[in-house]
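As C-alpha cells, the structure follows; a few thoughts come after it.
The values are calculated or read from the model by the stated rules, or taken from the named source; none is laboratory data. This structure is a prediction, so every number in the text was calculated from the model and none was measured. So basically every Cβ, Gly included, is an ideal-geometry build from the backbone, and we count neighbours across all protein chains shown.
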C-alpha cells in the first residue's frame, strides 16, 4: 500500500485519531527504579526540551505499539500495530533509522544534504537532495526519532494543556523527569493525558505514554528501550545504493508541507498562540490541540468495492470496504455512513466518501464532516 493510500485508510478506520501524531508514541518497558532528582519547574522543563535545536549524538533501539481496541486489519501499515527500530543521530542533523521484519529491511538515512530510503523487499531506493539553505530542516518525517517526534507533540498540545511533573523514572538506563500534559477543561477529547519521560541531563524525550479516559493501560506506546548517548560511527550516516537496486529521484517532487507551513506561521505567530498543523492534498486539519481532527474525501477509486469492474487499480481492501466491515452504520442531517469507535478516538466515513477522524467524541467528527465539500 502506498503512503497516500495508507494515510487515507488509517484516517478512515480511526487510526489517525489524534492528528498531532498521538497514535505512535512511547513505551514504559525498559524502566527501572525511580531516581532521586532535584525538583524542576514544569514550564521550565518544557522550555528546556523545546529549546534543543538538535538532539545529541546517540544510538539506540526504539519499540512501539498501539492498543486502540480494534481488530487486526489487513493491508494497514505495520507501524499502526507495533514496531521496532534502531536509530542513530550524529548530533548535527544527520540520522539513520533501520527497521526489519522476517526477510526484509527498511533503511532511511539523512546525510545532511540528501535523504535516502531503501526497502530491501522491493529493491527500490528513493533519493531526495535538499535545498542546502534549508537542510536539515527539510528532513522527511520518517527520519524523525522518538525524541524529535515527542518534541513536536509537546509544541502542538502545550497551549491547550495543563502541565505538571509527576515524579521521576529510569528509562533505558537514563534518569528522567515524568512530564505530564493533560487536556484543558475546554478540550473535547477521549485522551486523559500524555506522559513524557524527559532525560534529566540532556533534556530530550526518552519515552511517551498516552492514556485515554476509561482505560488504565496505555493506548499508544513508543520510545527507547536501549540508548547510548555519544559519538556514533560516521559511516552510519552515509548511504550507497545496493547493487541492482532501482533508484528513484524525488528531488523537486518532495514537499515537506509541515515545515513550510510552520515557517510561514511562525513569522506571524502571536505569543501563546497554538502551532497549527497544515492541510495537504488528502485531508484538512480542523481545530487545534487535543480536539484536532482530520477531515477530507476519499479518492473516487478508493470508494469503489475491490470487485467493482471499474476499480481496476485497487489492491486489496480499500477504506470503504474496511469501514463497512468494522464500523457501525449511522445517519443524521449530514448523511449516512459508518462510525468506528476505539479507545483512543473515533473515525467516521460517509457513503459519499467523506471522512473525519480524531481523538474526540463522535459529535466533533460530525461537525468536521459538515465542512467537507
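Here is a yes/no grid of residues against (1) modelled with pLDDT of 95 or more; (2) surrounded by 17 or more Cβ atoms within 10 Å (Cβ to Cβ); (3) assigned to a loop (DSSP other than H, G, I, E, B); (4) not assigned by TED's automatic domain parsing to the domain that holds residue 286:
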{"position": "157", "(1), (2), (3), (4)": "no, yes, no, yes"}
{"position": "176", "(1), (2), (3), (4)": "yes, yes, no, yes"}
{"position": "195", "(1), (2), (3), (4)": "no, yes, no, yes"}
{"position": "208", "(1), (2), (3), (4)": "no, yes, no, yes"}
{"position": "222", "(1), (2), (3), (4)": "no, yes, no, yes"}
{"position": "231", "(1), (2), (3), (4)": "yes, no, yes, yes"}
{"position": "236", "(1), (2), (3), (4)": "yes, yes, no, yes"}
{"position": "244", "(1), (2), (3), (4)": "no, no, yes, yes"}
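Restricting attention to region 40-55, the residues that are in contact with a strand residue (DSSP E or B) (Cβ under 9 Å, 6 or more places away or on another chain) and either assigned to a helix (DSSP H, G or I) or over 16 Å from residue 175 (Cα atoms) (or both) total 9. Contact annotation: residue pairs with Cβ atoms under 6 Å, 6 or more positions apart or on different chains, pairing a residue in region 351-362 that is without any contact (Cβ under 8 Å) to a residue 60 or more places away in the chain with a partner that is in a loop (DSSP other than H, G, I, E, B) and surrounded by 19 or more Cβ atoms within 10 Å (Cβ to Cβ), are 353/298. The set of residues from region 283-296 being at pLDDT 85 or above, surrounded by 20 or more Cβ atoms within 10 Å (Cβ to Cβ) and farther than 15 Å from residue 189 by Cα comprises 285, 295, 296. Against the definition (touching a residue at least 40 places away in the same chain (Cβ under 8 Å), outside the structural domain of residue 361 (by TED's automatic domain parsing), under 17 Å from residue 361 (Cα atoms) and surrounded by 22 or more Cβ atoms within 10 Å (Cβ to Cβ)), how does residue 212 come out, yes or no? Answer is yes for this residue.
Output the residues belonging to region 77-94 that are buried (at least 20 other Cβ atoms within 10 Å of the Cβ), at pLDDT 90 or above and within 18 Å of the chain's Cα centre (by Cα). Selection gives 87 alone. Filtering region 56-76 down to residues that are crowded, with 16+ Cβ neighbours inside 10 Å and part of a loop (DSSP other than H, G, I, E, B), which residue is modelled with the highest pLDDT? Among residues in region 56-76 that are crowded, with 16+ Cβ neighbours inside 10 Å and part of a loop (DSSP other than H, G, I, E, B), the one modelled with the highest pLDDT is 57.
Among the residues of region 37-59, those identified as under 19 Å from the mean Cα position of the chain (by Cα) and under 17 Å from residue 207 (Cβ atoms) are 49, 55.
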